[in-house]
Amino acid sequence: MQLNKRAMNEELINEIVKWEYESPYDFYNNEESEEVVKEFIEGDYSVLLDDQNRIFGYYCVGEAAKVPAGYNAKVYPEGYIDMGLGMNPEFTGQGNGLMFCRWILNDIEKSYHASPIRLSVATFNQRAIHLYGKLGFIKKDEFDTDSSRFITMTKEG
């Protein structure tokens, strides 16, 4: 499958916020609100379209990829490129994660060269944690939010 990167725009955001994940992944469902649209527009987000021009997923780097509660837990030291992502629920659970994440990592590595990469993931999401481990990420820190426990994972550049 061929993926193509596009800049985030309101039309794409309006489609993404309608995604509905099955439990327990419904934790990642977005609300249709001005605040969410603003986050997607102002953050460093990109969209990946498949060869049929469907939204396959999106990713972000920098501040937008950090979980706010992680700041209080001091799990975000300088020197890392933070990465966040979301895959269209139509494509989850079908073995697409490795290809999707490799595409994103390759794109980030082109832009940021040998910088180490960090991500934050909810601990219940063992499927994602396993995938990130396959990609060379290792567990670093843990912290809690009001709704879940998270870990940070890092991958050296």
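Would you check which residues across segment 121-157 are more than 23 Å from Glu78 (Cα to Cα), in contact with a Leu (Cβ under 7 Å, 6 or more places away or on another chain) and surrounded by 13 or more Cβ atoms within 10 Å (Cβ to Cβ) and list them?
Leu131
Name the residue that is farthest from Phe150 (Cα to Cα), counting only residues in segment 76-119 that are of a type in the set (S, T, N, Q) and surrounded by 16 or more Cβ atoms within 10 Å (Cβ to Cβ). Outline the logic, then answer.
Pass one, segment 76-119, residues of a type in the set (S, T, N, Q): 88, 92, 94, 96, 106, 111, 115.
Filter once more, so that each one left must be surrounded by 16 or more Cβ atoms within 10 Å (Cβ to Cβ): 88, 92, 96.
Details: Asn88: 21, Thr92: 20, Asn96: 23 Å.
Restricting to residues being of a type in the set (S, T, N, Q) and surrounded by 16 or more Cβ atoms within 10 Å (Cβ to Cβ), the top hit is Asn96.
Please determine whether any residue of segment 61-75 is over 15 Å from the mean Cα position of the chain (by Cα) and surrounded by 18 or more Cβ atoms within 10 Å (Cβ to Cβ). Outline the logic, then answer.
The first filter runs over segment 61-75 and keeps only residues over 15 Å from the mean Cα position of the chain (by Cα), leaving 69-75.
If we keep only those that are surrounded by 18 or more Cβ atoms within 10 Å (Cβ to Cβ) as well, we get 70, 75.
Yes, segment 61-75 contains at least one residue that is over 15 Å from the mean Cα position of the chain (by Cα) and surrounded by 18 or more Cβ atoms within 10 Å (Cβ to Cβ).
Look through segment 101-131, keep the residues that are assigned to a helix (DSSP H, G or I) and under 21 Å from Pro68 (Cα atoms), and return whichever of them is nearest to the chain's Cα centre (by Cα). Before the answer, list the steps.
Here is the first cut: in segment 101-131, the residues assigned to a helix (DSSP H, G or I) are 101-112, 126-131.
Then drop every residue that is not under 21 Å from Pro68 (Cα atoms), which leaves 128-129.
Values: Ala128: 10, Ile129: 12 Å.
Restricting to residues being assigned to a helix (DSSP H, G or I) and under 21 Å from Pro68 (Cα atoms), the top hit is Ala128.
Could you check segment 132-149 and list, in sequence order, the residues that are among the basic types (Lys, Arg) and part of a strand (DSSP E or B)?
Restricting attention to segment 132-149, the residues satisfying the condition of being among the basic types (Lys, Arg) are 134, 139-140, 149.
Passing the criteria: Lys139, Lys140, Arg149.
Any idea how many residues of segment 1-60 are within 15 Å of the chain's Cα centre (by Cα), of a type in the set (A, V, I, L, M, F, W, C) and closer than 14 Å to Glu90 by Cβ?
5
Only residues that are outside any loop (DSSP other than H, G, I, E, B) and in contact (Cβ under 8 Å) with a residue 24 or more places away in the chain: list them for segment 1-23, please. It would help to see each step written out before you state the result.
The first filter runs over segment 1-23 and keeps only residues outside any loop (DSSP other than H, G, I, E, B), leaving 4-7, 10-16.
Answer for segment 1-23, where residues must be outside any loop (DSSP other than H, G, I, E, B) and in contact (Cβ under 8 Å) with a residue 24 or more places away in the chain: Asn4, Lys5, Arg6, Ala7, Glu10, Leu12, Ile13, Glu15, Ile16.
Read the figures in this text as sums done on the coordinates, not as results from a lab. Nothing here was measured: the structure is a model prediction, and the numbers come from that model. Positions of Cβ are generated from backbone atoms using ideal geometry, with glycine treated the same way; all protein chains shown enter the neighbour counts.
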